[in-house]
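Novice: If you scroll down you'll find the structure; I have some questions about it.
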2 protein chains.
Amino acid sequence: MKLNEKRIEQRLSKLSEFTIPGSPWTRRAFTEPYARARDWLEHEMTIAGLTTRIDHGGNLIGTLPGTNHALGSLASGSHIDTVVDGGRYDGILGVVAALETAQSMKENNYQPHHNIEVIDFLSEEPSDYGISCIGSRAMSGNLSSDHLQYTNASGEKLHEAIRRAGGTPEKIQNACRSKNELAGFVELHIEQGRVLESNTKKIGVVTNIVGIKRFEMIITGRSDHSGTTPMNLRQDALVGASKIIERVNTQAKEYQTTNGYLVATIGAIHVRPNAVNAVPGEVRLTLEVRSDKQDWLDHFPEQLITFATKACETERLQIKSRQLSYMHLTDCADLVIQTITRSANTLDLSSMTMPSGAGHDSVFMAQLCPTGMLFIPCLDGRSHCPEESITMEDAINGANVLAQSILSLDQRVEK
Amino acid sequence: MKLNEKRIEQRLSKLSEFTIPGSPWTRRAFTEPYARARDWLEHEMTIAGLTTRIDHGGNLIGTLPGTNHALGSLASGSHIDTVVDGGRYDGILGVVAALETAQSMKENNYQPHHNIEVIDFLSEEPSDYGISCIGSRAMSGNLSSDHLQYTNASGEKLHEAIRRAGGTPEKIQNACRSKNELAGFVELHIEQGRVLESNTKKIGVVTNIVGIKRFEMIITGRSDHSGTTPMNLRQDALVGASKIIERVNTQAKEYQTTNGYLVATIGAIHVRPNAVNAVPGEVRLTLEVRSDKQDWLDHFPEQLITFATKACETERLQIKSRQLSYMHLTDCADLVIQTITRSANTLDLSSMTMPSGAGHDSVFMAQLCPTGMLFIPCLDGRSHCPEESITMEDAINGANVLAQSILSLDQRVEK
C-alpha cells in the first residue's frame, strides 16, 4: 500500500503552524490555536472519507468502517497539543500518519476487516489543569470526578474545559471503551532521545513504557551568617544535597546495563534562603526514577534514600522523603512488538527494540487492548523545544511502518 | 566610672521598638520607623548633654567636648537600621553603649581630653539602593558620585534618600573627615556567630575584619528530557555543581586551622529549567570566600576554580567564573586591640581575640584612624533574624568594656 508522502509532509507543516505566533511551537490544549487545529484536522478526516466524532472525553475520532464490527477497532493516533515553546513534531506525527494510513486504505480500495480509528487524544502533555493524558485517561476509565474539579490558573475547572473541547464531562464514564471494542492500538511518535541516533537505527520498536516514581526530599540544616559561622559549626543543607545529587548520578550509572533501562534525575532544587551571604538552611529536591524493570524501580529509590539518610546524619542534617507520584510500568503487547518489527524488516528499515523513557497515551490504551509504539529518530534527541527536528525521510519511514503494521494486524483474522 | 545599667536596658528596649509593627524587627534605613527612631535618638543625645548634628553623609553625631581639640575626637558608635525581619540588638547595642559612655562621663563630671563623638552611621545594612555602610563610606571618602545615582525599587535615587535623612549629598565630599580630626574609633557589636558561646568567653576582641571575595560560576550542560536521555548521554549541570559545592566545603575545612580564619560558602543556586522531568542544563552558583589572611583570600578561589574547571571537563560541562566583588581585609589597630583586652581584664571579664567574619562600619573608619571592635555573645549565634537574642548581663559587660576602653584611650595623652 503506497502512502501519499507529499500529503504527509504538507499536513505536518500545516498542522504545526497552528501555534501562538510569537512562540512557535505552542499549541496548548484548550486554547484558541488548538481549537482551530482541531477544526482543520476534523475537516481533513472528513475529506479522507472518515466519519468523525468527539467522544465524551473530548477525543477527536475519525473512523473508516471495517467489514466485521464484531472484531472491534484497530486504533492509531497520538496528540496535537504541545508544551509551551515545544517541538514541531511531538504528537502530530502520530496523528498525521494514522490519518494517512486510513486514507490510503480508502484510496487503495482496501476495505479493512476491523474498523480503523484515527484518534487525536485530548491534552496528552501536562495540561494547565495539573494532569496529562486527559483524553486517554478518559477513554480507559482513568479520569476521575476528582480530576474533573482540577482548575487552571484562571480558576476554570477541567470539566468546563473538556466541554469547551466538545466533550461531555457529565458522561465521562461513558467515554471509557470496553475491552472488546478495541482489537489493538499502535502509536507512532518521535523518540525524544538519542538512542536511535547513536545506534544509527531507523525504527525503534518499543517494548515497554517505563514506570516513573517521583519523590520530594526536604533536607533541613540551619541557616547561618556565612561570615560569622566557622565551617565546623555549620549545618549546610546544600552540602548534604550535593552528596545526594552525586549519588543519584553514580548509582544510576551502576544500574545501567544491557539488561535494563534506568534513568534517575534530580531535576529541581529550591534552596532557602538562597542568598550569597547565608549558609543554606533548607533544600528541597525532586528525585525522579524511571525504569523498565519493576525491581529496579522499587530498589533504586530505597537504596538512594538509605544513602541520603546516612549522608545527612553525617552532616548533622535532617531529611524527609515522600513519594509524589507513581506511574506504573507498561509492557507493550508481544503481538504488536512482533508486528512492528516484521513490518520494518519487510520495508528494509533497520530497527531495534527499546523502552520508551517518556510517557504516552499508549500507557492508558494498553489497559484496554494489545498496544505498541514505534519511534523514529529526532535530531540530536532534542524534544519539547523549538530545536526539535526530524527528516521527512524518517517521518515517511515511520508512517510506512505504521501503515504496514496496521495492515498486518487487520489481516491476522484471515489466517 | 559607673554606667547606668537600667538606662542601657531601657534604651535598647525603646529603640528596638521603632519597627514595622507586623514584622519585628524591621527598621530599614530611610523609612518612617527609622526616621522616628533617629528623632528619638537625637533627643536622647541632647538630654545626655551632647551637641548633635547630622553630617553631609547623613550620619547622626552627638559630641561631648574635650579639653584639647587639637587631639582630635575619640569616636564610638554603630548603626540603628536593620535588615527585614532582623534582630533586636544588631547595631543598636553599639549606639546605646557609646551614648551611655559619653553621658556617664558627663554625669560623673569626667571631662575628657578628646572630644567624644557618639555616631549613628547611616544605613550600615545592605540598603534598598544596593549599597551598604552608606554613612561610614561617606565619612571615609568612599561614597562616590556614581553611588549617589543608585536607585531603589521605586526609582528614588540615593542622593534623594540621603537628603531625606538630613544629609547634604551635593557636599558629600565634605562628609569625609581628615585623619587628624579623629584619634580613634571603637565599636561594640553583637558577635552574630557562635565562637564566643562555644568558647564560653564574655568579650571578643576583634583583631581584624575579614576580606570578602564573591564570585559567580555559570555551569552549562545540556537540558534534556529526563525520561529519554540515558545516563551516559547526559551533560547534567547540577551534577557538576554538586561536585563544586562539596569541594568548597572540604577545601575550606582544610584551610581552617588555628593560624587563620577562612569560611567559604555556596549560598545561592539557580537551576534551569528546574523541572522534575528535565536534566538540568544550566546552574548558576555564588561562591563567597572570607578570610583574615590575604594569601588565603587569594589562593582559595584560585584553587577552587581550578578544581571546578577540571570537574566540569570530566562531566563534559562548560564553566565560566567571574569575580562579583572584593572587600579588602581590614586590620584593627594594635593600640585598640590591646586597650580592649586590658579593659576586659580590669573588669574581670574573660576575653579572646577573634576575627570578625561580618563586615561593619569599622571597615571604613579604619581608613581614618586607629580602629577596633569588641563583641559580646549572642544566643546560639543567631542574627539577622527575630530569634537574635543577648542577655542584659552581656550587654552591660560590653558597654562597660567599651567605656573603660574609651577612658583608657582618652587618658593615654597623660602618660
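The values are calculated or read from the model by the stated rules, or taken from the named source; none is laboratory data. A quick note: this is a predicted structure, and the numbers were derived from the prediction, not measured. Every residue, glycine among them, receives a Cβ derived from its backbone with ideal geometry; neighbour counts consider all protein chains shown. When the accessible area is computed, the model is the full protein with side chains, heavy atoms only, and any ligands, DNA or RNA have been set aside. Shrake-Rupley method; radii C 1.70, N 1.55, O 1.52, S 1.80 Å.
Novice: If you go through the range A:362-406, how many residues are under 13 Å from A:Val336 (Cβ atoms) and either out of contact with any Leu (no Cβ under 7 Å at 6 or more places or on another chain) or of a type in the set (Val, Ile, Thr) (or both)?
Specialist: 9
Novice: Here's another thing I want to ask about it. Testing B:Glu44 on (1) among the acidic types (Asp, Glu); (2) within 24 Å of B:Met373 (Cβ to Cβ); (3) surrounded by fewer than 16 Cβ atoms within 10 Å (Cβ to Cβ), one condition comes back false. Which one is that?
Specialist: (3)
Novice: Kindly indicate the residue of the range B:53-77 that is within 9 Å of B:Val118 (Cα to Cα) and among the polar types (S, T, N, Q) and also most open to solvent (accessible area, probe 1.4 Å) among those meeting that condition.
Specialist: Going through the qualifying residues, I end up with B:Thr63.
Novice: Where residues in the range B:230-248 are polar (S, T, N, Q) and open to solvent by 20 Å² or more (accessible area, probe 1.4 Å), which of them is farthest from the other protein chains (Cβ to nearest Cβ)?
Specialist: So the residue we want is B:Gln235.
Novice: When you scan the range B:109-122, do you find a residue that is open to solvent by 40 Å² or more (accessible area, probe 1.4 Å) and on the phi > 0 side of the Ramachandran plot, even just one?
Specialist: Within the range B:109-122, one or more residues are open to solvent by 40 Å² or more (accessible area, probe 1.4 Å) and on the phi > 0 side of the Ramachandran plot.
Novice: How about the range A:258-289: which of its residues are surrounded by fewer than 24 Cβ atoms within 10 Å (Cβ to Cβ), in a strand (DSSP E or B) and more than 7 Å from chain B (Cβ to nearest Cβ)?
Specialist: Within the range A:258-289, A:Gly260, A:His270, A:Arg272, A:Glu282, A:Arg284 meet the criteria.
This table checks each residue for (1) farther than 23 Å from A:Arg137 by Cβ; (2) in contact with a Ser or Thr (Cβ under 8 Å, 6 or more places away or on another chain).
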| position | (1), (2) |
| --- | --- |
| A:Ser23 | yes, no |
| A:Glu32 | yes, no |
| A:Leu60 | no, yes |
| A:Gly66 | yes, yes |
| A:Ala75 | no, no |
| A:Val118 | no, yes |
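Novice: Which one of A:Thr250, A:Thr229 is out of contact with any Asp or Glu (no Cβ under 7 Å at 6 or more places or on another chain) and farther than 30 Å from A:Glu302 by Cβ?
Specialist: A:Thr229
Novice: Take the residues in the range B:2-23 that are outside any loop (DSSP other than H, G, I, E, B) and free of Cβ contacts under 8 Å to residues at least 60 places away in the same chain, then tell me which one is surrounded by the fewest Cβ atoms within 10 Å (Cβ to Cβ).
Specialist: Selected residue: B:Lys6.
Novice: May I ask you to verify whether A:His189 is in the same structural domain as A:Thr309 (by TED's automatic domain parsing) and touching a His at 6+ places or on another chain (Cβ under 7 Å)?
Specialist: no
Novice: Examine the range B:335-349 for a residue that is charged (D, E, K, R) and assigned to a strand (DSSP E or B), and state whether such a residue exists.
Specialist: no
Novice: Here is a list: A:Ile390, A:Ile340, A:Ile376. Which entry is open to solvent by less than 10 Å² (accessible area, probe 1.4 Å) and out of contact with any Ser or Thr (no Cβ under 8 Å at 6 or more places or on another chain)?
Specialist: A:Ile376
Novice: Follow-up question, since we're still on this one. Yes or no: B:Gly204 touching a strand residue (DSSP E or B) at 6+ places or on another chain (Cβ under 6 Å), assigned by TED's automatic domain parsing to the domain that holds B:Asp348 and in a helix (DSSP H, G or I)?
Specialist: no
Novice: Does the range A:208-217 hold any residues that are in contact with an Asp or Glu (Cβ under 7 Å, 6 or more places away or on another chain) and either part of a strand (DSSP E or B) or surrounded by fewer than 22 Cβ atoms within 10 Å (Cβ to Cβ) (or both), and which are they?
Specialist: A:Asn208, A:Ile212, A:Arg214
Novice: Return yes or no: is A:Ser242 under 29 Å from A:Ser389 (Cα atoms) and free of Cβ contacts under 8 Å to residues at least 24 places away in the same chain?
Specialist: So A:Ser242 does not fit the description; no.
Novice: Also: Do you know which residues across the range B:363-391 are under 17 Å from B:Gly211 (Cβ atoms) and either within 14 Å of another protein chain (Cβ to nearest Cβ) or in a loop (DSSP other than H, G, I, E, B) (or both)?
Specialist: Result: B:Val363, B:Ala366, B:Gln367, B:Met373.
Novice: I'd like the full set of residues that are under 17 Å from B:Phe364 (Cα atoms), outside any loop (DSSP other than H, G, I, E, B) and not polar (S, T, N, Q), limited to the range B:291-333.
Specialist: B:Tyr326, B:Met327, B:Asp331
Novice: Can you tell me which of (1) crowded, with 20+ Cβ neighbours inside 10 Å; (2) farther than 24 Å from B:Val276 by Cβ is the one A:Ser127 doesn't meet?
Specialist: (2)
Novice: Oh, and also: So which residues in the range B:343-353 are of a type in the set (A, V, I, L, M) and open to solvent by 10 Å² or more (accessible area, probe 1.4 Å)?
Specialist: Scanning the range B:343-353 gives B:Leu347, B:Leu349, B:Met352.
Novice: Under 6 Å by Cβ, and 6 or more places apart or on different chains, what pairs join a residue from the range B:214-229 that is within 7 Å of chain A (Cβ to nearest Cβ) with one that is open to solvent by less than 30 Å² (accessible area, probe 1.4 Å) and of a type in the set (A, V, I, L, M)?
Specialist: Between residues of the range B:214-229 that are within 7 Å of chain A (Cβ to nearest Cβ) and residues that are open to solvent by less than 30 Å² (accessible area, probe 1.4 Å) and of a type in the set (A, V, I, L, M), the close pairs are B:Asp224/B:Val279; B:Ser226/B:Ala278; B:Ser226/B:Val279; B:Gly227/A:Ala358; B:Thr228/A:Ala358; B:Thr229/B:Val279.
Novice: Ok, one more. Only one residue in A:Glu156, A:Glu197, A:Glu191, A:Glu254 is in contact with a Pro (Cβ under 7 Å, 6 or more places away or on another chain) and open to solvent by 20 Å² or more (accessible area, probe 1.4 Å), so which one is that?
Specialist: So the residue among A:Glu156, A:Glu197, A:Glu191, A:Glu254 that is in contact with a Pro (Cβ under 7 Å, 6 or more places away or on another chain) and open to solvent by 20 Å² or more (accessible area, probe 1.4 Å) is A:Glu197.
Novice: Still on this structure, please answer the following. How many residues does the range B:218-252 hold that are under 29 Å from A:Ala264 (Cβ atoms) and in a helix (DSSP H, G or I)?
Specialist: 18
Novice: Let me ask another. Show the residue pairs meeting these rules: Cβ distance below 8 Å; 6+ apart or different chains; first residue within the range A:141-164 and under 24 Å from A:Ser362 (Cβ atoms) and assigned by TED's automatic domain parsing to the domain that holds A:Ala175; second residue part of a strand (DSSP E or B) and at pLDDT below 95.
Specialist: Cβ pairs passing all conditions: A:Leu158/A:Thr151.
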